[in-house]
1. Around K201, under 12 Å between beta carbons, what's the net of Lys plus Arg minus Asp minus Glu among the other residues?
2. Taking Cα atoms of the chain, Rg/Rh with Kirkwood Rh, to two decimals?
3. In square angstrom, rounded to the nearest 10, how much accessible surface does L284 have for a 1.4 Å probe?
4. Just reorder K166, K187 by solvent-accessible area, largest first, 1.4 Å probe, all chains present.
5. Taking a threshold of 25 Å on the Cα-Cα distance, which of the pairs K4/K201; K10/K166; K196/K259; K4/K187 fall above it?
6. Residue farthest toward the positive end of the dipole of the chain, with Cβ of Lys/Arg at +1 and Asp/Glu at -1: which of V17, S224, I261?
7. Rounded to the nearest 10 Å², what accessible area does R171 have for a 1.4 Å probe in the complete protein model?
8. By a straight-distance test (C-alpha under 25 Å), which lysines pair with K222 as possible cross-link partners, with residues fewer than eight away in the same chain excluded?
Amino acid sequence: MLLKIALPNKGRLSDEVRELFNDAGLEVRARGERALTASLGGEFEAIFVRAQDIPEFVADGAAHAGVTGWDLVCESGRELDLLMDLEFGRCRLVVAAREEGGFASPEDVKEGMRVASCFPRLTQEFFARRGQRVAVVPVSGAAEIAPHLGIADIVVDLTSTGSTLKMNGLREVATVLESSARLVACKGNPVDTQQKLDELKQALGSVLAARDKRYLMANVPKDSLIRVREVLPGLNGPTVVDVLDGGDFVAVHAVVPAKTIYRTINALKGLGCEGILVTRIERLMA
């Protein structure tokens, strides 16, 4: 039996999820752009639904697992097993108020104030934990316009950079929740189902682990090996291989952070290294 994985049916999150599954060897093969289901590498079956509906589909057993934003999982209130953080789609659910509104912190929120949000449950819970009673005004989108229309005093809305809030004359007052795309599963899966989900986690995790790493190879003077080890610590130290007719050189291989590759190459050149080659890594399994 193919396990059903609920995936977002549209938007940027959908694109990033499809890319991740494709890179993991679980190619999304659908019959057409509007298809509601697709094969995932022949190992799983994808069902495409709205991101906000995925927690319900998974919790009710219509799908064995799903990928959606952690904000949507928390807002749903459904109990799910968190399998892994996919590390993209990062955003924050924040309390925001008009620049001239006189709000500097959540303590400035008075009892009975109206709060507009697409996340009424999380909004209510946030202020309830602080002992503050507010009137939540549920909206389906564009919450940032609510204070300007007079239908709410403040908003609780998602932001990634804060630019949209600033553009609309709002400033952040507090963070309610930090979110990203997560792989979640229904509770109480049978052992064989959990085993297949563990294999899925391993496949996706190996791709994510490789994304910010590079594989570096270089011919290194033997008398520089000790200093090169300081430059190339690698996962467990660099791998050193003799070079046929290499003379005074040996080949050194290492996995290095992508963000420091420029400095790493310059440091190696300064130690007399030659034939430096850097490649991308498709998967990395510790």
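1. Every neighbour counted, the sum reads -2.
2. Here Rg/Rh amounts to 1.11.
3. Estimated to the nearest 10 Å², L284 gives 30 Å².
4. If we order K166, K187 from most to least accessible, we get K166, K187.
5. K10/K166; K196/K259
6. Toward the positive end, the furthest listed residue is I261.
7. That residue has around 80 Å² of solvent-accessible surface.
8. Hits, sequence-local ones excluded: K269.
The values are calculated or read from the model by the stated rules, or taken from the named source; none is laboratory data. Computed from a prediction, not measured in an experiment: that's the story for all the values here. A quick note on method: Cβ atoms are made from the backbone with ideal geometry, for glycine too, and the neighbour counts reach across all protein chains shown. SASA here: full protein model, heavy atoms, side chains in, ligands and nucleic acids out. Shrake-Rupley method; radii C 1.70, N 1.55, O 1.52, S 1.80 Å.
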